[in-house]
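Enquirer: Would you mind keeping the following structure in view while I ask a few things?
The values are calculated or read from the model by the stated rules, or taken from the named source; none is laboratory data. What you are looking at is a predicted structure, and each value in this text was computed from that prediction instead of being measured. In this analysis, Cβ positions are derived from the backbone assuming ideal geometry, glycine residues included, and neighbour counts consider all displayed protein chains.
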Amino acid sequence: MKPTHSSHPVVAGDFAPDDAPASACQPPVNAVDHAIESRQSMREFLPTPVPRATILHLLELASRAPSGTNTQPWKAYVLQGASKDSLSEKVCQAHDALRDNPALASEYREEYDYYPEKWVSPYIDRRRENGWGLYGLLGITKGDKDKMHAQHQRNYRFFDAPVGLMFTLDRVMGRGSLLDYGMFMENFMIAARGHGLHTCPQAAWNGFAKIILPHIGAGEGEMLVCGISLGYADESALVNTFRTPRVSAAEFTTWLD
């Protein structure tokens, strides 16, 4: 999908005019299907700017996500230009320091457990398939720690996307708000596809919250949920040909009659 600055979503068909029958006023089902199916984590972006009005529109759409008793627990911080570049430099420096001195790990901890303490099958198998599938595509072998470090650090450059977003949650909220947040973020990413944009959701930032939260001006009661890169994907980049597999619905569904 070529970069576009149009404020209109790219869909397989148009909405019917105001005087059309109610049955004709529904968007084509395959437009939603396409947005969902074409969403993937892109890891190389073009420098093409994304208009502020478009970003705001995507956030407005995302806010239609359901949340328990309509608490709407999301808070978004949009980074562009110097603020984005400055944060990247700070976190990359910390990431390098952590590589050189692993004892610093105690200073950089996630505030909530994203992954399990102990991995078991089939989750560990999927994790390994994902990691080595990506690294294999990029020619990074198992023992090449420098290349692994460099590729991981691409997260902290927002994969060169022109827009980076950080999302926070008030610590007073319960775990259910993370479920609400997931739906909000999915709305954002699917809406981005409707505008010809791509995203990459990134929990990689979470361990560096002590750097990120002051940088974005978050309040003392906020915790970092994750970040997202947003922009027009570089469709020619090898890394963007990587697409993760999914198990079929038949494997995770139980029918009860």
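Enquirer: Tell me whether the stretch 124-146 contains one or more residues that are within 29 Å of Val78 (Cα to Cα) and of a type in the set (Ser, Thr, Tyr). Explain how you work it out, then say what you get.
Expert: Here is the first cut: in the stretch 124-146, the ones within 29 Å of Val78 (Cα to Cα) are 130-131, 134.
Checking the rest, the ones that are also of a type in the set (Ser, Thr, Tyr) come to none.
No, there is no match, as no residue in the stretch 124-146 is within 29 Å of Val78 (Cα to Cα) and of a type in the set (Ser, Thr, Tyr).
Enquirer: Here's a follow-up. Sort out which residues of the stretch 82-141 are at pLDDT 95 or above, of a type in the set (Val, Ile, Thr) and out of contact with any helix residue (DSSP H, G or I) (no Cβ under 6 Å at 6 or more places or on another chain), and write them in order of number.
Expert: Val120, Ile124 - these are the residues of the stretch 82-141 that are at pLDDT 95 or above, of a type in the set (Val, Ile, Thr) and out of contact with any helix residue (DSSP H, G or I) (no Cβ under 6 Å at 6 or more places or on another chain).
Enquirer: Condition first: among the aromatic types (Phe, Trp, Tyr), farther than 25 Å from His198 by Cβ and assigned to a helix (DSSP H, G or I). Can you find one or more residues in the stretch 96-118 that meet it?
Expert: Taking the stretch 96-118 first, the residues among the aromatic types (Phe, Trp, Tyr) are 108, 112, 114-115.
Now drop any that are not farther than 25 Å from His198 by Cβ, which leaves 108, 112.
Subsequent filtering for residues that are assigned to a helix (DSSP H, G or I) retains none.
No, because not a single residue in the stretch 96-118 is among the aromatic types (Phe, Trp, Tyr), farther than 25 Å from His198 by Cβ and assigned to a helix (DSSP H, G or I).
Enquirer: Could I ask something else about it? Filter the stretch 166-199 down to the residues that are of a type in the set (A, V, I, L, M), surrounded by fewer than 20 Cβ atoms within 10 Å (Cβ to Cβ) and within 20 Å of Leu213 (Cα to Cα) and list them by number. So that I can check it myself, show each step before the final result.
Expert: First, pick out the residues of the stretch 166-199 that are of a type in the set (A, V, I, L, M): 166, 169, 172-173, 178-179, 183, 185, 189-192, 197.
Next cut, surrounded by fewer than 20 Cβ atoms within 10 Å (Cβ to Cβ) only: 172-173, 178-179, 183, 190.
The answer is Val172, Met173, Leu178.
Enquirer: So, one more: Search the stretch 98-120 for residues being free of Cβ contacts under 8 Å to residues at least 12 places away in the same chain and under 15 Å from Val225 (Cα atoms), and hand back the single one that is surrounded by the fewest Cβ atoms within 10 Å (Cβ to Cβ).
Expert: Here is the first cut: in the stretch 98-120, the residues free of Cβ contacts under 8 Å to residues at least 12 places away in the same chain are 98, 100-106, 113, 115-120.
Now restrict to residues that are under 15 Å from Val225 (Cα atoms): 113, 115.
Details: Asp113: 7, Tyr115: 10.
Residue satisfying both the conditions and the ranking: Asp113.
Enquirer: Name the residues in the stretch 65-95 that are assigned to a helix (DSSP H, G or I) and exposed (fewer than 13 other Cβ atoms within 10 Å of the Cβ), would you? I'd like the intermediate steps shown before the answer.
Expert: At the first step, the residues of the stretch 65-95 found to be assigned to a helix (DSSP H, G or I) are 68-70, 81-95.
Hits for the stretch 65-95 are Thr69, Asn70, Gly81, Ala82, Ser86, Glu89, Gln93.
Enquirer: Then there's this: Can you work out which of the residues in the stretch 53-64 that are in contact (Cβ under 8 Å) with a residue 12 or more places away in the chain and assigned to a helix (DSSP H, G or I) is farthest from the chain's Cα centre (by Cα)? Outline the logic, then answer.
Expert: Here is the first cut: in the stretch 53-64, the ones in contact (Cβ under 8 Å) with a residue 12 or more places away in the chain are 53-55, 57-59, 61-64.
Filter once more, keeping what is assigned to a helix (DSSP H, G or I): 53-55, 57-59, 61-62.
Numbers: Ala53: 20, Thr54: 17, Ile55: 14, His57: 17, Leu58: 13, Leu59: 13, Leu61: 16, Ala62: 13 Å.
For the stretch 53-64, the residue satisfying everything is Ala53.
Enquirer: Within the stretch 134-164, which residues are in a helix (DSSP H, G or I), at positive phi and surrounded by fewer than 19 Cβ atoms within 10 Å (Cβ to Cβ)? Working first, answer last.
Expert: Taking the stretch 134-164 as the starting set, the residues that turn out to be in a helix (DSSP H, G or I) are 134-137, 145-160.
When the remaining residues are screened for being at positive phi, the result is 158-160.
Of everything in the stretch 134-164, just one residue is in a helix (DSSP H, G or I), at positive phi and surrounded by fewer than 19 Cβ atoms within 10 Å (Cβ to Cβ), namely Asp160.
Enquirer: Assess whether Arg246 counts as being farther than 17 Å from Phe167 by Cα and under 16 Å from the mean Cα position of the chain (by Cα). Reasoning before the result, please.
Expert: Details: farther than 17 Å from Phe167 by Cα: yes; under 16 Å from the mean Cα position of the chain (by Cα): no.
No; evaluated as a whole, the condition is false for this residue.
Enquirer: Which one of these is surrounded by fewer than 17 Cβ atoms within 10 Å (Cβ to Cβ) and free of Cβ contacts under 8 Å to residues at least 12 places away in the same chain: Ala249, Ala203? Step through it out loud before you land on a result.
Expert: On the way: Ala203 fails: free of Cβ contacts under 8 Å to residues at least 12 places away in the same chain.
It is Ala249.
Enquirer: Filter the stretch 215-234 down to the residues that are surrounded by 11 or more Cβ atoms within 10 Å (Cβ to Cβ) and either without any contact (Cβ under 8 Å) to a residue 12 or more places away in the chain or under 22 Å from Leu179 (Cβ atoms) (or both) and list them by number.
Expert: Result: Ala218, Gly221, Glu222, Met223, Leu224, Val225, Cys226, Gly227, Ile228.
Enquirer: Let me ask something else. I need the full set of residues from the stretch 165-188 which are farther than 20 Å from Arg39 by Cα and not in a helix (DSSP H, G or I), in order please. Even if it seems obvious, please write down each step before you answer.
Expert: Pass one, the stretch 165-188, residues farther than 20 Å from Arg39 by Cα: 168-178.
Selection gives Thr168, Leu169, Asp170, Arg171, Val172, Met173, Gly174, Arg175.
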